[in-house]
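Note sheet for the following structure.
The values are calculated or read from the model by the stated rules, or taken from the named source; none is laboratory data. Remember, it's a predicted structure, so these values are computed and weren't measured experimentally. Virtual Cβ from ideal backbone geometry, glycine too; neighbours counted across all protein chains shown. Remember, those area values only see protein heavy atoms, side chains included, never the ligands or the DNA or RNA. Shrake-Rupley method; radii C 1.70, N 1.55, O 1.52, S 1.80 Å.
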Amino acid sequence: MDLGTLKRKMDEAHYIYDDTLITVLYVALRLNRPLLIEGAAGVGKTEIAKVMASALGRELVRMQCYEGLDESKSLYEWNYQKQLLSIQVNMGRKDSDELTRSLFGDEYLLERPLLKSIRSPEPVVLLIDEIDKSDEEFEAFLLELLSDMQVSIPEIGTIRATSIPFVVLTSNRARPISDALRRRCAYLYIEYPDAEKELAILRARLPHVDEGLAVQIVSAVQKFRSSEAILKKPSIAETLDWAQALEALGVRELTPEIMRGTVGFVLKNNEDIDMLDEILGTEECSDPDCSGDHENCEHSHEHHHHHHHG
Amino acid sequence: MADLDLGVYLEKLALFGRILRQEGLDITPNETADAVRILMELGFDDRTVVKTALRTVYAKSRDEQLRFDRIFDSFFLSEDAIRALDKKHTEQELEHAKAVEQAERELQGEADSLFYNEAQKEAYASLTEEEKQRLQNMKDRFMGPDSRNPELYANMIHSVFARSLMEQQMMLEDAAAAGQMAIDPEVGLLFRDISQFEDSEIPKAVYYIQDIAKRINGELTQKRKRSGRAAALDFRRTIRKGLETGGNFYRLAYRRRRMRKKQIVVLCDVSGSMIQFSEFVLRFIQSLNQASGSSRVFLFSEELREADAFHLQNMDLFRDYVRESGVYGRGTDLGSALNKLNEEKPPVLSPATMLLIVSDAKTVNVPLAVHELLRARSRAGKVFWLNPIPERRWKYLNSSQTMAELCTMISCSTLAELGAACRRLAFS
C-alpha cells in the first residue's frame with residue numbers, strides 16, 4: 001500500500017487527518033512497528049486505532065490497561081472450572097496420562113486479547129489503550145511479545161504469530177514509559193485540533209448540524225481549551241456530544257443562556273463551570289467592524305433579539 | 001532517482017544520525033536502516049514528508065521530537081537559508097569585533113586595564129551607550145585634573161566598573177539561557193523562571209505541579225510494589241486464594257511491605273521575593289502524599305513561626321495566613337530562624353527527619369547562618385536546600401556559594417527543575 005492509497009482509505013472512513021499524521025501512520029505500517037501515541041486526554045488517540053482498523057478492513061482487538069493487569073488477563077488463562085469438571089467426569093474412564101494431556105488443549109484455553117491478536121488467521125489491529133496505567137512488569141512482558149511476535153505457554157510451548165497485527169499503544173503520560181519499549185515503537189504526539197480542523201471533524205461526523213451552530217460550538221470549545229482557568233480541557237468527543245445535544249434540543253444559535261444550560265456536556269467539573277461566566281464576560285466581539293460600543297455589531301443585535309423572545 | 005544522488009543522500013543521512021547521537025538521542029543502526037528503507041519509498045522531494053518520516057523513526061518522546069526538529073531544521077537547510085545565514089553571521093562577527101576593540105580602547109584609560117578579562121570586555125561592549133557614558137562621566141568626575149592623587153579614587157572607580165560589568169554579564173547569561181528555552185507552549189512554562197510567571201499563568205503552573213506530583217506518586221507506588229515481591233509470604237491470603245482452585249496453591253500472595261513515610265521539616269522563606277516560589281514548593285510537598293507522612297512546616301523571614309496544617313490545605317488560605325502572621329515580606333534572617341528551630345523543645349530535628357530549606361540564601365548575618373546550619377546538619381538525618389536562583393548565578397553570590405558547600409543545594413528556578421528536585425527528595 002502506498003501513501004496515496006492510505007489517504008484514500010482514510011477519506012473513505014471519513015476521518016480528518018493532516019499530512020503529518022498520515023506520514024507517521026504510513027511509516028509505522030511499512031516498517032511493521034507498533035505505534036505509540038501520546039497526548040492529552042481526549043485528543044483522539046484511541047480513535048486513530050479504530051479508524052486504522054476500518055481503513056485497513058481489519059478487526060479491532062482492544063485491550064484496556066489498568067493497574068494490576070497481568071498475563072492471565074491479557075494473554076491467556078486456563079479454564080479451571082472446565083478442567084475440574086472434566087477430571088470429575090472422566091475420572092475412571094481414561095488413562096491418567098492421556099487425561100492430563102487433554103486438560104491442556106485448545107478446548108480449555110481462554111484466549112485473551114494479546115493471544116487472540118497474534119493467533120488470528122487474518123491480521124488485526126491491536127489497540128493497547130492507556131499503557132501508562134499498567135505496571136512495569138506488564139510493560140516488560142509486552143516488550144518480549146512485540147519484539148519477537150511469539151509467546152511461550154509453559155504447558156503447550158511457544159506459540160508463533162500466524163499474522164502480524166498492527167499495534168497501537170496509547171498513553172496519557174501518567175507515568176513514563178520505559179525507553180526499551182519506546183525504542184521498539186514509532187512515536188506520534190497529537191495535540192488538540194485547531195478551530196478549522198475541529199470544524200471539519202464536526203462536519204464530517206455530524207453533517208446535519210446547522211453550519212452556523214457548528215461554528216459557534218467550535219469557537220466556544222476552542223475558547224475553553226485556550227483558557228488558563230479551565231483545568232479539564234474538553235475533548236473532541238465531548239464537542240461532538242455537545243453538538244448532538246444542542247441539535248436534539250432544536251437549538252439554532254448558541255446564546256449565553258443556552259450555553260449555561262448545556263455546558264455540562266463539555267465542562268465536567270464544578271470549578272470549570274464556575275469559570276464560565278468569567279470567560280463569557282471577557283469574550284471580545286469577533287465582528288471586525290465593531291468599534292467596541294457594539295453599535296453596528298451584528299452579534300449584540302442578535303443576542304438582544306433572542307433575549308427578547310426567550 | 002540517480003544512484004549518485006542516492007549516495008549523497010545516504011551519506012548525509014548517516015552524518016545526520018551521528019549528530020542526533022551527539023545531541024543525546026538514542027539512535028541504533030536498526031533505526032538508520034529503517035530510515036533508509038522508508039526514504040527510498042517516499043523519496044526525498046518533499047522536505048516535510050522527509051522530516052515527519054525521520055522524526056517518526058528517530059524521536060521517541062515529546063522532548064526528543066522537539067530536539068529532533070531543532071537539529072533537523074539546522075541540518076537540512078534550504079540553499080537560500082544557508083546563504084542568508086552566512087551573510088548575517090559574517091556581519092555579526094565584524095560588528096562584534098569592532099565593539100570589543102572599542103571597549104578595549106575605552107577601558108585603556110583605566111589605571112589597571114589589564115585587570116579586565118575577555119568576558120568583562122565583552123560585557124562592556126554590550127552595554128548601552130548611555131550606560132557607558134554614565135560610567136565614563138563618573139570616572140572623569142572623580143579622577144578630576146591630573147593634579148589629584150590617582151590612587152585616591154582608583155579603587156572606588158574600579159569597584160563601580162566591576163559591579164556594572166558583573167551585572168551586565170549576569171544579564172547576558174540570563175538572555176542566553178532564555179534563548180535555549182523550549183518554544184513549545186505546553187513545555188514552555190515548565191522551563192521558565194518561576195519568578196517571571198505572570199498572574200494569569202499561575203493556575204496552569206499549579207495544574208502542572210499536580211500533574212508532576214501525580215506522576216511521582218505513581219512511580220512511588222510502582223517502587224513499593226516492586227519491592228513488595230521480595231517480602232514474606234502471606235499465608236492467610238495464599239490459602240484463601242487457593243480455595244478458589246480447590247485447595248491448590250496456584251498463586252502465592254506476598255505480604256506488602258509497608259513503606260515508611262518520611263518526616264520532613266520544611267523551613268520556608270516567605271520574605272517578599274520568595275513567597276511565590278515557597279507556595280509552589282509547599283504545593284508539591286502537599287501533593288506528594290505518598291512520600292511525606294508527617295511533615296511540619298516553619299515559615300520565616302526575620303522571625304520563625306510554625307504553619308498549621310489546616311492553613312496549608314488551601315493555598316488561598318495560606319497566602320492570607322502568611323500575610324496576617326506578620327512574618328511576610330520582611331528581610332531574611334536565616335541564622336536566627338535556624339537557631340530557634342534548633343532550640344525548639346521538644347526537639348524538631350532528629351536523625352529520622354529530613355530538613356528541607358527553601359530559600360534564596362540572601363540573608364543577613366551569614367556567619368551565624370553558617371554556624372546554625374552546621375548545628376542543624378548534625379541533628380537532622382539529611383539537609384536539602386532548594387534554591388530558586390539558577391546555579392550559574394551562585395558564583396556571583398557569596399552566601400549561596402558558602403551554603404552550597406555545607407549541604408545538598410539544588411537549583412530549582414523552573415518548574416521542571418522543581419519537579420526533578422522533589423522526585424529526588426521522594427526517592428532519597
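Conditions (1) hydroxyl-bearing (Ser, Thr, Tyr); (2) open to solvent by 20 Å² or more (accessible area, probe 1.4 Å), marked per residue:
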site: A:Arg30; (1), (2): no, yes
site: A:Met63; (1), (2): no, no
site: A:Asp70; (1), (2): no, yes
site: A:Ile87; (1), (2): no, yes
site: A:Gly92; (1), (2): no, yes
site: A:Asp95; (1), (2): no, yes
site: A:Ser102; (1), (2): yes, yes
site: A:Glu107; (1), (2): no, yes
site: A:Leu110; (1), (2): no, yes
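If A:Met149 satisfies all but one of (1) within 18 Å of A:Leu181 (Cβ to Cβ); (2) open to solvent by less than 40 Å² (accessible area, probe 1.4 Å); (3) within 23 Å of the chain's Cα centre (by Cα), what's the number of the condition it fails?
Condition (3) is where A:Met149 drops out.
Can you name the residue in the range B:149-199 that is within 14 Å of chain A (Cβ to nearest Cβ) and open to solvent by less than 70 Å² (accessible area, probe 1.4 Å) and is also modelled with the highest pLDDT among such residues?
Across the range B:149-199, the extreme among qualifying residues is B:Phe197.
Any idea which of (1) more than 21 Å from B:Ile285 (Cβ to Cβ); (2) surrounded by 15 or more Cβ atoms within 10 Å (Cβ to Cβ) is the one B:Pro367 doesn't satisfy?
The single condition B:Pro367 does not satisfy is (2).
For the range B:23-77, list the helices (runs of 4 or more DSSP H) that sit wholly inside it and hold at least 3 residues that are more than 9 Å from every other protein chain (Cβ to nearest Cβ) and at pLDDT below 85; which are they?
Numbers: elements: B:29-42, B:47-58, B:62-75.
The qualifying helices (runs of 4 or more DSSP H) are B:62-75.
A:Gly4 passes all but one of (1) more than 9 Å from chain B (Cβ to nearest Cβ); (2) more than 26 Å from A:Met149 (Cβ to Cβ); (3) in contact with a helix residue (DSSP H, G or I) (Cβ under 9 Å, 6 or more places away or on another chain); (4) part of a helix (DSSP H, G or I); which number fails?
Unmet condition: (3).
What pairs can you find where one residue is in the range A:18-30 and facing chain B (nearest Cβ under 7 Å) and over 17 Å from B:Val36 (Cβ atoms), the other is of a type in the set (D, E, K, R) and crowded, with 19+ Cβ neighbours inside 10 Å, and their Cβ atoms are less than 9 Å apart, with a gap of 6+ or different chains?
As it stands, the answer is A:Thr20/B:Arg55; A:Val24/B:Arg55, since those pairs meet every condition given.
With A:Leu99, A:Leu31, A:Leu84 as the choices, which residue is within 29 Å of B:Asp63 (Cα to Cα) and either in the same structural domain as A:Arg183 (by TED's automatic domain parsing) or not β-branched (Val, Ile, Thr) (or both)?
Details: A:Leu99 fails: within 29 Å of B:Asp63 (Cα to Cα); A:Leu84 fails: within 29 Å of B:Asp63 (Cα to Cα).
Just a single option satisfies the conditions, and that option is A:Leu31.
Rundown of residues vs (1) out of contact with any Ser or Thr (no Cβ under 7 Å at 6 or more places or on another chain); (2) open to solvent by 20 Å² or more (accessible area, probe 1.4 Å); (3) more than 14 Å from chain B (Cβ to nearest Cβ), yes/no style:
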| residue | (1), (2), (3) |
| --- | --- |
| A:Ile201 | yes, yes, yes |
| A:Arg205 | yes, yes, yes |
| A:Asp210 | yes, yes, yes |
| A:Leu213 | yes, no, yes |
| A:Val221 | no, no, yes |
| A:Phe224 | yes, no, no |
| A:Leu254 | yes, no, yes |
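May I ask you to list the residues in the range A:160-199 that are closer than 24 Å to A:Arg58 by Cβ and within 8 Å of another protein chain (Cβ to nearest Cβ)? I'd like the intermediate steps shown before the answer.
Within the range A:160-199, the subset closer than 24 Å to A:Arg58 by Cβ is A:160-171, A:181, A:184-188, A:190.
Selection gives A:Cys185, A:Ala186, A:Tyr187, A:Leu188.
Rundown of residues vs (1) more than 12 Å from every other protein chain (Cβ to nearest Cβ); (2) modelled with pLDDT under 80; (3) exposed (fewer than 14 other Cβ atoms within 10 Å of the Cβ); (4) closer than 15 Å to B:Phe318 by Cα, yes/no style:
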site	(1), (2), (3), (4)
B:Gln222	no, yes, no, no
B:Lys225	no, yes, no, no
B:Leu233	yes, no, yes, no
B:Asn248	no, yes, yes, no
B:Arg260	yes, yes, yes, no
B:Asp269	yes, no, no, yes
B:Leu282	yes, yes, no, yes
B:Leu288	yes, yes, no, no
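Just to be sure I understand, how many residues within the range B:378-428 are among the hydroxyl-bearing types (Ser, Thr, Tyr) and assigned to a loop (DSSP other than H, G, I, E, B)? Spell out the reasoning first.
So the first thing to find is which residues in the range B:378-428 are among the hydroxyl-bearing types (Ser, Thr, Tyr), and the list is B:378, B:396, B:399-400, B:402, B:408, B:411, B:413-414, B:428.
Of the ones still in play, those that are also assigned to a loop (DSSP other than H, G, I, E, B) are B:413, B:428.
Adding up the residues that qualify gives 2.
Against the condition within 14 Å of another protein chain (Cβ to nearest Cβ) and either out of contact with any helix residue (DSSP H, G or I) (no Cβ under 7 Å at 6 or more places or on another chain) or open to solvent by less than 50 Å² (accessible area, probe 1.4 Å) (or both), how does A:Ala40 come out, does it pass?
On the way: within 14 Å of another protein chain (Cβ to nearest Cβ): yes; either out of contact with any helix residue (DSSP H, G or I) (no Cβ under 7 Å at 6 or more places or on another chain) or open to solvent by less than 50 Å² (accessible area, probe 1.4 Å) (or both): yes.
Criteria met by A:Ala40.
Which of the residues belonging to the range A:136-159 are within 14 Å of chain B (Cβ to nearest Cβ) and of a type in the set (D, E, K, R)?
A:Glu136, A:Glu137, A:Glu139, A:Glu155
Considering only the range A:230-246, I want to know if a residue exists there that is in the same structural domain as A:Asp277 (by TED's automatic domain parsing), part of a helix (DSSP H, G or I), among the β-branched types (Val, Ile, Thr) and open to solvent by less than 40 Å² (accessible area, probe 1.4 Å). Quick ask: steps written out before the conclusion?
First pass over the range A:230-246, keeping only residues in the same structural domain as A:Asp277 (by TED's automatic domain parsing): A:230-246.
Then keep just the ones that are part of a helix (DSSP H, G or I); that gives A:236-246.
Filter once more, so that each one left must be among the β-branched types (Val, Ile, Thr): A:236, A:239.
Add one more test, that the residue is open to solvent by less than 40 Å² (accessible area, probe 1.4 Å), and what stays is A:236, A:239.
Checked the range A:230-246: at least one residue is in the same structural domain as A:Asp277 (by TED's automatic domain parsing), part of a helix (DSSP H, G or I), among the β-branched types (Val, Ile, Thr) and open to solvent by less than 40 Å² (accessible area, probe 1.4 Å).
Where the second residue is outside any helix (DSSP H, G or I) and open to solvent by 20 Å² or more (accessible area, probe 1.4 Å) and the first is within 9 Å of another protein chain (Cβ to nearest Cβ) and hydroxyl-bearing (Ser, Thr, Tyr) and lies in the range B:206-218, which pairs have Cβ atoms under 7 Å and are six or more apart or on separate chains?
Hits for this filter: B:Tyr207/A:Leu231.
Taking the criterion of being of a type in the set (Asp, Glu) and out of contact with any strand residue (DSSP E or B) (no Cβ under 7 Å at 6 or more places or on another chain), would at least one residue in the range A:151-171 satisfy it? Please lay out each step first, then the result.
Kept after step one, since they are of a type in the set (Asp, Glu), are these residues of the range A:151-171: A:155.
Imposing the further condition that a residue be out of contact with any strand residue (DSSP E or B) (no Cβ under 7 Å at 6 or more places or on another chain) reduces the set to A:155.
Yes; the residues of the range A:151-171 include at least one that is of a type in the set (Asp, Glu) and out of contact with any strand residue (DSSP E or B) (no Cβ under 7 Å at 6 or more places or on another chain).
What number of residues in the range B:411-428 are open to solvent by 20 Å² or more (accessible area, probe 1.4 Å) and within 19 Å of B:Arg377 (Cβ to Cβ)?
At the first step, the residues of the range B:411-428 found to be open to solvent by 20 Å² or more (accessible area, probe 1.4 Å) are B:416-417, B:420, B:423-424, B:427-428.
In the following step, the residues that additionally are within 19 Å of B:Arg377 (Cβ to Cβ) were identified as B:424, B:428.
Residues in the range B:411-428 being open to solvent by 20 Å² or more (accessible area, probe 1.4 Å) and within 19 Å of B:Arg377 (Cβ to Cβ): 2 in total.
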